[in-house]
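Taking it in order: structure first as structure tokens, then the write-up.
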Amino acid sequence: MELEKRNMGVNIVDLEKDISDTKQVLELMKAQIAMLGEQIPLIETEEQKPEEFPDYNEKKVLVTGGAGAIGTNLSKRLAELGAKVTILDNLSSAYEWNIPVHKNIKFVKGDILNDEDLKRVFKEKPDYVFHLAAHFANQNSVDSPETDLMINGIGILKVLQYANLVKVKRFVYSSSGCGVYGLDSKMPFEEHDISIKLHTPYQVTKLLGELYTNYFYNLYNLPIVNARFFNVFGPGEVPGKYRNVIPNFFYWAMNGKSLPITGTGEETRDWTYVEDIVDGLLTMGLEEKAIGESINLGSGKEHKVIDMAAEVNRLTTNNAGMKQVGERDWDVKKRLCSSIEKARRILGYEPKTTFEEGLKKVHDWFMENKHNINKNAEF
Ligand SMILES: NC(=O)c1ccc[n+]([C@@H]2O[C@H](COP(=O)([O-])OP(=O)(O)OC[C@H]3O[C@@H](n4cnc5c(N)ncnc54)[C@H](O)[C@@H]3O)[C@@H](O)[C@H]2O)c1
């Protein structure tokens, strides 16, 4: 009997046991893969042929703060264009589930204030750096002014030093319209009309960032561009205590809360859809005429806070309306509107997404990511 179970030196009893063990292992692996599948994040990106911006194909691009609201959108687009993207982000105001999954994206969890982390990402000698990492934004900086200065001041200085060392082709800095234009600047804001009468540490340090990029350009000829964003909104921004008003309004509206209006509601903002910002940034990375310049990236249009709130309530079918709450003492600008003439002239920039379309896309994104958003939104 035992002999029958032997065949050419292979012990069939052992083999049968091996086979049953292997089956068990296979079942276990299948179960683990299924579980992993459930944990694998979310944003699957599509393979695309790099028809536009072909210069990014196969190039190494470092996006600091690439796990954040704008950074995720920029990194995804760069990856689709064939760039090899490294995201450096310490996840202080971002979430791993929100980072796009793409074979061209590598995520390095690290800090722009840490030399070891910086050495690690600059060892790859990136061709382009988009510096988006920041302590965000006004209220956060009023509450933690020293952290704001560390990250937005020392942080950008360090990233610039490394970028200069490896001689990047372009360093694009995410500056801020609300940071550099003040009450004494004329609307619509033109690039030359900056102000030093600022109201928050964040505004001070976003302007400081431009002073540092300009210094690296003037002294070392580092090819920098300062992108001055205006009130960016779109899919990818998780609501929270220090986040922008649009994601916060969606969050509250979807939870049946009335929307807090901090002024009269007649105040205006120049809300700019994130994909338009990404288009502007990608051109800034390549256009020679942009080197050494500061350029507004806005929608060039004003919308009232009260109208935005009404649209959010309509999209979410929220019946709780709005409520008047106290003004924030630093929030003194009644109107914000960019001039985008320089961006048009130098970059051929033209915003494509209307405010209403953009709000609809944010709503869609909230619906798709409701679970993670509700888990992570902190107030
Ligand atoms: N969103 C806007 O309306 C707006 C307007 C003007 C300018 N900007 C600028 O654009 C950039 C991106 O803005 P966002 O809205 O995506 O903000 P965000 O907070 O979503 O992104 C910033 C990212 O930087 C990361 N970060 C913070 N400190 C870091 C550190 N020490 N090391 C590494 N990573 C760190 C955060 O985790 C986050 O992912 C910022 O520089 C911001 O100042 C944004």
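Just so it is clear, none of the values below were taken in a lab; they were calculated from the coordinates. Bear in mind that the values here come from a model prediction, so they are computed numbers and not experimental data. Neighbour counts run over all protein chains shown; Cβ positions are idealised from the backbone, glycine included.
Before moving on, here are some points about what is shown:
- Label-point separation in nm, K106 to Y220, each point 7 Å along Cα→Cβ: 2.2 nm
- Calculated FRET efficiency for the pair E368/E124, C-beta based, R₀ 25 Å, to 0.05: 0.15
- With contacts taken as Cα pairs under 8 Å and at least 6 residues apart, the chain reaches a relative contact order of 14 percent.
- Gain on full extension, evaluated as 0.36 nm per residue between D184 and L211 minus their Cα-Cα distance, stands at 7.8 nm.
- Among the listed pairs K186/K289; K59/K352; K167/K206; K106/K375; K206/K361; K84/K125, those whose Cα-Cα separation exceeds 19 Å are K186/K289; K59/K352; K167/K206; K106/K375; K206/K361.
- In range of the label at S144: residues from region 353-379 whose backbone nitrogen is under 12 Å from the point 7 Å along Cα→Cβ: none
- Pairs of Cα atoms farther than 26 Å apart, region 80-213, %: 28 percent
- Distance between modelled label sites at N164 and D55, nm, 7 Å Cα→Cβ extension: 2.3 nm
- Per-selection Kirkwood Rh - region 58-376 (Cα, Å, 1 d.p.): 19.7 Å
- Ranking Y95, L118, I105 by how far each Cα lies toward the positive end of the dipole of region 95-154 (charges on Cβ) leaves I105 at the top.
- The peptide list 62-72, 130-140, put in order of mean Cβ contacts within 10 Å with the highest first, becomes 62-72, 130-140.
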